[in-house]
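Below you'll find the structure, written out as structure tokens, and then a few comments.
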Amino acid sequence: MCGAQCVAFAAVLIVCWCNVVSAHGNKSPVTIIVQALNPSGLRIAVTDTPGIDVVVINANINAPIVESDAGKITGSVVESQNGLWMLETKDVALKEGDVVFYSVYVACGQQGDRMKGQQPILNLVEPSCRPSPTTVNGRTVCGGELVLEENFDTLNKSLWKHTIQFSDEPDRDFCTYTDSEENSFVKNGVLHLKATILGANDLLKPTKLRSCTWKRPDSKYCDRHPQGWDILPPTRSAQLTTRGTFSFRFGRIDIRAKTAAGDWLMSKLVLDPKASAYGSIPFESGRMEMLRSRGNPDVLEPSGWQLGARLNDPQADIRACDRNLWLYKNCPLNYGKLYSEEMRVFSLVWTPESITMTIDGECEHIIRPPAGGFLKHDRLRDECYDSLLERGTHMAPFDKEFYIYIGLLVAGFNNYLNEVISKGNPKPWNDRDPRAWLKFWQQRHLWEPTWISDMEVDYVKVWAL
Ligand SMILES: *[C@@H]1O[C@H](CO)[C@@H](O)[C@H](O)[C@H]1NC(C)=O
């Protein structure tokens, strides 16, 4: 047992992860990669982590591994190479639609962990293809491959899907998301997201959104009958996502962008989960926010903390056991141009071990799960086990595919304390006030002149690890 060693190795807990595994489910900090080779061959590889002594692999094609059976494909791997414990056979020819069933035993000192799984074969790769833990739309890709390059020469509607809906609880963004060319367009190789303001005559117009993307078209997210102070959201804006068209697990993403300049605008670059594998309440299945920055040049909390366009808070969000875990870092610009004044490269490197975010290579924010996974994070409840995260690896919820979301929000609840002061003026609404949208619109003389530039995105690139 390595219980005593765990204490001794407090600084390098990963050394005794086997102990953690036996305590609570399958929490190995390893990822299994299955590659089918063209014209024939199969590779099964396990990503390396300190402490592994040997890896035993058993596999079958199109037949589950049962207890008494070692499988048609078996082997022990006694050494890792280039960060992988890999078994390769040339003898088996796979085709799309085949399923590889595997049972992988990772031995670590006196202990070990068995991981069983299955991987449908969606594509064959050339033998020169370096195994990568990255997947794209469920497919295997090769190490280092550029899997997405979007330079915004046009707005590719096969890749980018608009959100079309009204906002509502809990955030109540003060905008309707549209696919109008007023709110999102491409110009000179740059994607623009632009917020626009409704005229007085439009605020009370009953509106049913065409092609509404909310799941229930008869809901207030798609169909609103405003009356009295209960107006339509007083602005329009845009959200573009690659939901259903491009999602990936592990890799590096670079987005070159600047935020929109203007009071109460918030620009966001986010990775959101493709499926609600760990629950559908916001953040239960995770969220990675590379950029969330406000467009006010100067907005102060009562403490004197500057929230404005000098600040970005890259963060990973998790919800488990009724608690939100925000793993963020403040990245304030102490001098020079604001986030709204200059393009910067927002990068995220996501591996089976960690998530690292940077801005022009600076303000590095490294997020690593504690031994045993994020459920063991000291900001969650002590006994936080009743969560679907238990089913994932130690990176859960960040061990499934995520898609890209680029959005420009207006105001919203929960984004500013009620007591903030923007250039000497109080916030034009109170969160929770049902009349907040109307109050905001009525004070547009304060904020409309500050809306001077759009959110702009120059490129999005994604590489396999
Ligand atoms: C548009 O996106 C689709 C889906 O990702 C892709 O296959 C296609 O090559 C893209 N077209 C252009 C012109 O980039």
message = Show me the three semi-axes of the equivalent ellipsoid for the chain, from the C-alpha gyration tensor (sqrt of 5 times each eigenvalue), largest first, rounded to whole Å.
response = 45, 25, 20
inquiry  = Please give me the summed charge of the neighbours of Thr356: other residues whose Cβ is under 13 Å from its Cβ, Lys and Arg +1, Asp and Glu -1.
reply    = -1
query = Counting only Cα, what are the radius of gyration and maximum Cα-Cα distance Dmax of region 81-206, in Å?
reply = 24.1, 74
request  = Report, to two decimal places, the Cα Rg of region 126-188 normalised by 2.2 N^0.38 Å (N = number of residues).
outcome  = 1.69
note = Here the equivalent ellipsoid of region 287-357, derived from its Cα gyration tensor, has semi-axes (largest first, whole Å) of 24, 17, 9
query = Taking amide hydrogens as modeled 1.01 Å from N in the peptide plane, which residues meet the under 5 Å criterion relative to Arg344, leaving out close sequence neighbours?
reply = Ala257, Lys258
key: region 165-244: relative contact order in percent, alpha carbon pairs under 8 Å with at least 6 residues between   = 42
inquiry  = If you wrap a convex hull around the alpha carbons of region 82-156, what volume per residue comes out, as a whole number of Å³?
reply    = 157
remark   = Here the tail fraction of P(r) beyond 15 Å, over all Cα-Cα pairs of region 236-326, rounds in percent to 68
request  = Within region 110-204, list the GluC sites (Glu not before Pro) lying in a DSSP loop whose Cβ has at most 15 other Cβ atoms in a 10 Å radius.
outcome  = Glu181, Glu182
remark   = Other residues with Cβ under 12 Å from the Cβ of Gly144 give, with Lys and Arg +1 and Asp and Glu -1, a net charge of +1
query = Along the three principal axes, how long is region 372-440 when you take its alpha carbons, biggest first, rounded to the nearest angstrom?
reply = 47, 31, 24
key: Inverse mean reciprocal Cα-Cα distance (Kirkwood Rh) of region 24-163, Å   = 16.4
message = Quick one: the Cα spread of region 257-297 along its three principal axes, in angstroms, biggest first?
response = 38, 19, 10
key: At q = 0.21, 0.22, 0.32 Å⁻¹, base-10 log of I(q)/I(0) for region 364-412 (Debye sum, equal scatterers on each alpha carbon)   = -0.82, -0.85, -1.26
request  = Beyond 17 Å, what share of the Cα-Cα pairs of region 338-465 is found? Please give it as a whole percent.
outcome  = 73
Loop-located trypsin sites (Lys or Arg not before Pro) in region 165-265, at most 15 other Cβ atoms within 10 Å (DSSP) = Arg210, Lys215, Lys220
query = Taking K and R as +1 and D and E as -1, what net charge do the other residues with C-beta under 12 Å from the C-beta of Cys321 add up to?
reply = -1
key: Long-range tail of P(r) for region 144-291 (Cα pairs > 27 Å, %)   = 28
key: Neighbour cut-off at most 16 other Cβ (10 Å), DSSP loop, chymotrypsin sites (Phe, Trp or Tyr not before Pro), region 274-381   = Trp305, Tyr335
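The numbers here are math on the coordinates, done by the rules we state, and not lab data. As the structure is a computational prediction, the values presented were derived from the model and not from experiment. Every residue, glycine among them, receives a Cβ derived from its backbone with ideal geometry; neighbour counts consider all protein chains shown.
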